[in-house]
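The structure under discussion appears below in the form of structure tokens.
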Amino acid sequence: MQMRTLASILLLAVGCGSSPSPAPGDSGVVPTQGYAVGNTFQDVSLVGYSDKNHDGALSPDEDGSLTAAGVIAANPKAEVLLVHVAFGWCKFCWEETAEQLKMTAGYGGRFISIQILVEDRDGIGATKAFVDEWLRLNKSAMVTTLEPEGSLLKRFGRSATYLLLDPKDMKVLVVGAGPPTFAFVRTKITERLGPLTQ
């Protein structure tokens, strides 16, 4: 059991802590097993927090089941959606979260992000208690969830940690992993929404 857990953590670390080498000319897009640019996002059931009353804070009564489609329906101004698979032990995930918070504030509802916490600081499956800690430390009001079945991570493949989606048709715009390709994701968001205002 411990060997399987260790192997799993090492595989995930490849996707989080480093970037795969994209083929020349693909601008950092990373191919994955289940999601590819241009394909329709296959929604999954999540459990976590969503700012249902739009007051900029997450409260205990805003915890429950949700889907990406439901998040989009609750945010009709959204022009781009970032799905971010994050790990508590990954320093880059914390840095990328800080950038997403700036985009959430700066784009005033036109950018939304769903964070899916997979593991805690020790590489153990994330729990609701870790979600609460993550939200408190990041001062985050972004949609923040767990995905109990792990199916989204399986569909991503081990080398992808975020998807950029068009909320209108749920088409995948960008698939990426690691800090180098997050810069590409940020560029694509800027191309669609314009420069960040704050």
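Here, each number is a calculation from the coordinates, and none is a lab measurement. Just so it is clear, the model here is predicted, and its values are computed rather than measured. A quick note on method: Cβ atoms are made from the backbone with ideal geometry, for glycine too, and the neighbour counts reach across all protein chains shown.
Summary table
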read-out: Sparsely packed trypsin sites (Lys or Arg not before Pro) within region 77-111, loop by DSSP, other Cβ within 10 Å at most 14; value: LYS77
read-out: Simple label model, 7 Å out from Cα along Cβ direction - TRP94 to ILE124, nm; value: 1.9 nm
read-out: Length released on extending from LYS102 to ALA57, taking residue separation times 0.36 nm less the Cα-Cα span; value: 14.7 nm
read-out: Overall form of region 36-143 per C-alpha gyration tensor (a/c, 1.5; a/b vs b/c); value: rounded
read-out: Partners for LYS52 among lysines (Cα-Cα distance below 19 Å; same-chain residues under 8 apart left out); value: LYS77, LYS128, LYS139
read-out: Calculated FRET efficiency for the pair ASN39/GLU191, C-beta based, R₀ 25 Å, to 0.05; value: 0.80
read-out: Ranked LEU135, LEU81, criterion: other C-beta atoms within 10 Å, fewest first; value: LEU135, LEU81
